[in-house]
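K.L.:
Pasting a structure here, questions to come.
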Amino acid sequence: MAEDLPDRLSSDPASPFYDEALLARGVGVRFKGEEKTNVEEYCVSEGWIRVQAGKAKDRKGNPLTIKLKGPVEVYLRDDPTE
């Protein structure tokens, strides 16, 4: 399940934790038992996710994010047999 997923992943291309090929496959994130679809970045070992804070933007036009702490589970959404 999570054997080929990284401990930390970001959807921001400027981040060193960005992986376009993995994001194209579809990574699902479950935070505190709930499915989250608006996750910008996660870290499983440290137990946090970053989600967008409404429609607010910083001065560079990037969305402002909030760090939420709790248990994080990640999985691939696509079927590996396809």
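The values are calculated or read from the model by the stated rules, or taken from the named source; none is laboratory data. Predicted model, so just to flag it, every value in this text is computed and none were measured. Positions of Cβ are backbone-derived with ideal geometry, glycine not excepted, and every protein chain shown enters the neighbour counts. When the accessible area is computed, the model is the full protein with side chains, heavy atoms only, and any ligands, DNA or RNA have been set aside. Shrake-Rupley method; radii C 1.70, N 1.55, O 1.52, S 1.80 Å.
K.L.:
May I ask you to give the solvent-accessible area per residue for the chain, in square angstrom, as obtained with a 1.4 angstrom probe? Numbers along the way, then the final one.
P.N.:
Details: 5600 Å² over 82 residues.
Per residue, the chain has an accessible area of 68 Å².
K.L.:
State the label only: which of (1) 0.97; (2) 0.92; (3) 1.04 corresponds to Rg/Rh (Cα atoms, Kirkwood Rh) computed from the shown model?
P.N.:
(1)
K.L.:
How much FRET efficiency would the formula 1/(1 + (r/R0)^6) give for Asp12 and Ala56, where r is the Cβ-Cβ distance and R0 is 22 Å, rounded to 0.05?
P.N.:
Numbers: r = 16 Å, r/R0 = 0.72.
Plugging the Cβ-Cβ distance into 1/(1 + (r/R0)^6) gives 0.90.
K.L.:
In nm, to one decimal, how far is the modelled label at Thr37 from the one at Glu73, with both set 7 Å along Cα→Cβ?
P.N.:
The modelled label-to-label distance comes out at 1.9 nm.
K.L.:
Right, next: With a sphere of radius 13 Å drawn around the Cβ of Ala21, what net charge do the other residues whose Cβ falls strictly inside it have (Lys, Arg +1; Asp, Glu -1)? Don't skip to the end; give the middle numbers.
P.N.:
Numbers: positive: Arg25; negative: Asp4, Asp19, Glu20, Asp78.
Summing Lys/Arg as +1 and Asp/Glu as -1 gives -3.
K.L.:
At a 1.4 Å probe radius, carbon and sulfur cover how many percent of the accessible area of the chain?
P.N.:
Working: 2740 of 5600 Å².
Ligands and nucleic acids excluded, carbon and sulfur give 49 percent.
K.L.:
Less than 13 Å Cβ to Cβ from Ser10, Lys/Arg counted +1 and Asp/Glu -1: what total charge do the surrounding residues give?
P.N.:
Spelling it out: positives minus negatives among the neighbours equals -3.
K.L.:
Among DSSP beta bridges whose residues both lie in the chain, state the antiparallel percentage, nearest 5. Walk me through the numbers on the way to the answer.
P.N.:
On the way: 21 of 22 bridges.
Close to 95 percent.
K.L.:
Helix-only mean residue ellipticity at 222 nm, the chain, DSSP H runs n ≥ 4 weighted -39,500 (n - 2.57), per residue, nearest 500. What is it? Working shown, then result.
P.N.:
Values: 1 runs with 6 residues, N = 82.
Computed ellipticity for the chain at 222 nm equals -1500 deg cm²/dmol.
K.L.:
May I ask you to list the lysines whose Cα is less than 21 Å away from that of Lys36, ignoring any residue fewer than eight positions away on the same chain?
P.N.:
Lys55, Lys57, Lys67, Lys69
K.L.:
May I ask for the net charge around Tyr42, where only other residues with Cβ less than 11 Å from the Cβ of Tyr42 are counted and Lys, Arg are +1 while Asp, Glu are -1? Numbers along the way, then the final one.
P.N.:
Working: positive: Arg8, Arg30, Lys36, Arg50, Lys67; negative: Asp7, Glu40, Glu41, Glu46, Glu73.
Residues close to Tyr42 contribute a combined charge of 0.
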